[in-house]
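The values are calculated or read from the model by the stated rules, or taken from the named source; none is laboratory data. Quantities reported herein were computed from a predicted structural model and do not represent experimental measurements. Methodologically, a virtual Cβ is constructed for each residue, glycine included, from the backbone with ideal geometry; neighbour enumeration extends over all protein chains shown. What goes into the accessible areas is simple: the full protein's heavy atoms, side chains included, and nothing from ligands, DNA or RNA. Shrake-Rupley method; radii C 1.70, N 1.55, O 1.52, S 1.80 Å.
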Amino acid sequence: MELKQYQQEVINDLLDYIEQLEKTENLKLAFSNFWGNKGISLQNIEDKYLKPYDNSIKGVPRVTVKVPTAGGKTFIACNALKPIFESFPIDKAKVVAWFVPSDTILKQTYKNLNDTSHPYRQKIDSHFGSAVKVYQKQDLLQGASFSPTEVKEQLSIFILSVQSFRSKTKEARKVYQENENLQEFPKTFSEHKDKLLPNVDETALMQIITQLNPVVVIDESHNFESKLTVDMLNNINPSFIFDLTATPREQSNIISFVDAIKLKNNNMVKLPVVVYNHNDTNEVINSAIQLQKTLEQKAKTEQENGGKYIRPIVLFQAQPKTKNDSVTFEKIKAQLIELGISENQIGIKTAQKDEIKNIDLLSSSCEVRYIITVNALKEGWDCPFAYILASLANKSSTIDVEQILGRVLRLPYVAKHKVNLLNSSYVFTSSKNFIQTLDNIVIGLNSAGFSAKDFKVKEEQKEPEKEIHRQMDFADAFNETENEAETNEDLEINVDNIKDFANSEKSHQQLDDIINLAEKTSREFEKTVEEYNKEENLIPTELKDKVKTYPIKEVFKDKVKDLKLPTFFMEVKKGSVFYDEGEFIPLQKGFLLKGFDLSKEDHKINFSQTSSEMAIIDLAEGRKDEYIPKYRKVKNEVKEAFVEYITTLSPEAKIDKIAGRLTRAMKKIDEIPEPVIIEYIKKTISDLDSDKISEISNNEFFYARIIKNKIQKLANKYAEQQFVKLLDIGTVRCQNSFEFHKKISPKNTVNGITKNLYVEEGEMNDFEKKVIYDIANLDSVVFWHRNLERGKGFLLNGFINHYPDFIVKMKNGKIILIETKGDHLDGSDSLQKLKLGEKWASKAGENYRYFMVFNNAKLDGAKSVAQLMEILKNMK
């Protein structure tokens, strides 16, 4: 099971945030820079959720991912563990405290993550070499396969509920009691003694978790915002907190938004939700039964034509008189049987009675087509075959569908079905105040992470528009008991009336109305998705209305409408799984490293270092700031323990151990396998004396960086050679691909310079401003654009990735790329950019040029400002 595109984008966002964290060593600045790179200023945006970094858990990175119901939150979390742990010091214990909001979801999560055949566990195993153990609280209390040795050698995942840590029950208090099963842990893990809770024995499970400094994953994190929960999180001493929710709390540090269209694009959900209001409960039941039969017949026809098995299910949402009124449910069941439905097709699911427990609803041998419930399906229950939510509330009752609306949204088999009716979900009501019902449906969609745009209703059923605003306490959705309202009226179901109505003209008309509405809205929704895919979606949909965007000036729209800039593409060779032989696909640097053999490259590295370099490192480690991530700091006693340990090893074992640790410290390098890097490092350090080996052991990250830089230089050199070679033989070539975005959203802008392509352009430094000001005032220039970076602008893709500073259109038709360098060189980077730019210009065609400009030219092939102006002014 692989990540969907939008799920991979979430992981990419996490990686980008971690990258900023490593660069800045500051939680607040990293968060600000992360959004700044997307063109969003946290200081200027007015949004309920997206605000400057909230540091309520001091010194601990805490980020939130907003993912709607059916978006695969658990699978995203499984994939997030690897990049999070890769950002930690090598010796840190790999421990995850995975919190869930209820016992139902706890059992489900434990079952899935503990099952080595489940896709979630398989993904985690693939990332951690199958050295994975999943625990429940009881396992931990008993010390079952839970010891310091095992924790050091594996990824340990604790599946926990927050109630078990903050409740006053006898069972919950065990977490804080002395525990002889855990007495070995304090002897091994004691780096965080300052975090130990007062008046709690050091062998208590809570103290052990505190010393293990776990990564915390919080499922449905909007339930974790009380002061009590924040205190609990502080007490367990987390190293990183990864929140997932459809409805973030206001203090959330959101790094990724997933919206409904992305889920629809990836065939995750049944959207739109088709809503139809009836005159009474009898009509609701009739429509639900008739539509179920219609959907099932269409599903059977699709299966006969190669589709997969689907048995559409109706959820009848009843409202009994009292909380324990099982008579109502049995009465409804009996009435459905009277209507000709087999008893084995009906199941009751309430807090008191569960007739579908242990039944595989997706099995073709299962007969269940109708489930009678109240709110018992509101959490931890997913059945993609659930298509219709039918509310059986009386016309005078409040229609409380918001709690379980999310249960009918998941699309079977995560695949679009040929029959459009099978790609939507349905809500049937009989409400006197239908606008209020629609309000409740919107609340239900919001609580599942969707919006009012994701449901459709027949226009004639709408009353005149009214402004109705409701605030809902989402914590109620996770109470263990059902929130079942009382009503003073008997449920108005008349079997004879339903039988008569089923054969009436009105019944047929209603079913036709529902089907026509579903077909029409499905087509409209598909069109919306198509339009979305044509747009630039660099900014999350939820923020688009709140972020300033700048369109292309009217005067230039026709000039760029058909303009496409060439980028490098590579021909697909025989043997590709994903592409056809001979097809050209966008070039990536990894393609150029095919055949790179690190073992044959130069392994001599100068390990001499200056005292000033080490002083800078020491100073960084010694800083005290509540926004500095604590996990970045390596305790001296940990370093000393390792240095002492390696003195006990043989010379060969010592080299093996250090090479492995340095490889893990430098993380992934391009496409080079880890074993190859380990062997290279062993060659590199094998001839060093014991003093130098000891010094490397005590400063692993510093030396890992030196070795990584060396390997990257070797890889870059090889990639450049391959690039030139493949260009010469024609395997790599330029193809028109980049189109100017209709709108841009730079974080900061500059104005006052004429001929800008967009209404406002991105910010620039003084030298860049001077250069483009002079260029814009040339008679030969049509327009200029400040190129944006990090996936938002034009990328020169080759043996390096290069975003030139400016794109300029000349009156003679030529397109000029300009990279400005002021009076400084940035190492070999400038030379590589110049080489790539010149290669691009030579292969892109006669109408393209690339210039690197300094105040005074400092590289062969580069230009001074004066030289560039002389060239451009004659391009009329």
**Item:** Flag for Ile711 being farther than 20 Å from Glu25 by Cα, modelled with pLDDT of 85 or more, in a helix (DSSP H, G or I) and of a type in the set (A, V, I, L, M, F, W, C)
**Value:** yes
**Message:** Out of the residues in region 303-332 meeting the condition of being open to solvent by less than 20 Å² (accessible area, probe 1.4 Å) and at pLDDT 90 or above, tell me which one is farthest from Lys270 (Cα to Cα).
**Reply:** Phe316
**Hey, Ala144 open to solvent by 20 Å² or more (accessible area, probe 1.4 Å), more than 17 Å from Trp98 (Cβ to Cβ) and either among the hydrophobic types (A, V, I, L, M, F, W, C) or touching a Pro at 6+ places or on another chain (Cβ under 8 Å) (or both) or not** = yes
**Message:** I'd like to check something: does region 80-94 contain any residue that is over 19 Å from the mean Cα position of the chain (by Cα) and within 30 Å of Lys349 (Cα to Cα)?
**Reply:** no
**Request:** State which residue pairs qualify: first residue farther than 20 Å from Cys734 by Cα and inside region 844-856, second residue of a type in the set (Lys, Arg) in any location, beta carbons under 6 Å apart, and separation of 6 or more residues or different chains.
**Result:** Val853/Lys863; Phe854/Lys821
**Request:** Look through region 230-251, keep the residues that are farther than 26 Å from Gln211 by Cβ and of a type outside the set (A, V, I, L, M, F, W, C), and return whichever of them is surrounded by the fewest Cβ atoms within 10 Å (Cβ to Cβ).
**Result:** Glu250
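Rundown of residues vs (1) in contact with a strand residue (DSSP E or B) (Cβ under 8 Å, 6 or more places away or on another chain); (2) modelled with pLDDT of 95 or more; (3) over 20 Å from Glu220 (Cα atoms), yes/no style:
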| residue | (1), (2), (3) |
| --- | --- |
| Leu113 | yes, yes, no |
| Phe128 | yes, no, yes |
| Val132 | yes, yes, yes |
| Val151 | yes, no, yes |
| Phe165 | no, no, no |
| Glu171 | no, no, yes |
| Glu178 | no, no, yes |
| Leu182 | no, no, yes |
| Phe185 | no, no, yes |
**Prompt:** Does at least one position in region 701-717 carry a residue that is surrounded by fewer than 17 Cβ atoms within 10 Å (Cβ to Cβ), over 36 Å from the mean Cα position of the chain (by Cα) and either of a type in the set (Val, Ile, Thr) or over 30 Å from Tyr532 (Cβ atoms) (or both)?
**Reply:** no
**Asked** Out of region 22-33, which residues are closer than 13 Å to Ile255 by Cα and either open to solvent by less than 50 Å² (accessible area, probe 1.4 Å) or not basic (Lys, Arg) (or both)?
**Response** Leu27, Ala30, Phe31, Ser32, Asn33
**Request:** Scan region 718-764 residue by residue and report those that are within 30 Å of Lys553 (Cα to Cα), buried (at least 20 other Cβ atoms within 10 Å of the Cβ) and small (Gly, Ala, Ser).
**Result:** Ser745, Gly762
**Those residues of region 649-673 which are outside any helix (DSSP H, G or I), of a type outside the set (Val, Ile, Thr) and within 39 Å of the chain's Cα centre (by Cα), in sequence order** = Lys667, Lys668, Asp670, Glu671, Pro673
**Message:** Filter region 94-117 down to the residues that are in contact (Cβ under 8 Å) with a residue 24 or more places away in the chain and in a loop (DSSP other than H, G, I, E, B) and list them by number.
**Reply:** Lys94, Pro101, Ser102
**Message:** Looking at region 842-852, can you tell me whether even one residue there is open to solvent by 40 Å² or more (accessible area, probe 1.4 Å), assigned to a loop (DSSP other than H, G, I, E, B) and not acidic (Asp, Glu)?
**Reply:** yes
**Request:** Please find, within region 679-708, the residue that is nearest to Ala665 (Cα to Cα) out of those that are of a type in the set (Ser, Thr, Tyr) and at pLDDT below 90.
**Result:** Tyr703
**Prompt:** Is it true that some residue in region 302-324 is without any contact (Cβ under 8 Å) to a residue 24 or more places away in the chain, farther than 23 Å from Ile493 by Cβ and either hydrophobic (A, V, I, L, M, F, W, C) or in a helix (DSSP H, G or I) (or both)?
**Reply:** yes
**Prompt:** Mind checking which residues of region 798-830 are under 18 Å from Lys717 (Cβ atoms), outside any loop (DSSP other than H, G, I, E, B) and at pLDDT 90 or above?
**Reply:** Asn801, His802
**Asked** Hey, any hits in region 64-84 for a residue that's over 30 Å from Gln122 (Cα atoms) and surrounded by 17 or more Cβ atoms within 10 Å (Cβ to Cβ)?
**Response** no
**Asked** Is one or more of the residues making up region 804-818 in contact (Cβ under 8 Å) with a residue 60 or more places away in the chain, open to solvent by 50 Å² or more (accessible area, probe 1.4 Å), of a type in the set (Lys, Arg) and at negative phi?
**Response** yes
**Message:** Being surrounded by 11 or more Cβ atoms within 10 Å (Cβ to Cβ), modelled with pLDDT of 85 or more and under 33 Å from the mean Cα position of the chain (by Cα) is true for just one of Met570, Met472. Which residue is that?
**Reply:** Met570
**Prompt:** Scanning region 666-700 for residues that are of a type in the set (A, V, I, L, M) and under 19 Å from Lys600 (Cβ atoms), which turns out surrounded by the most Cβ atoms within 10 Å (Cβ to Cβ)?
**Reply:** Ile681
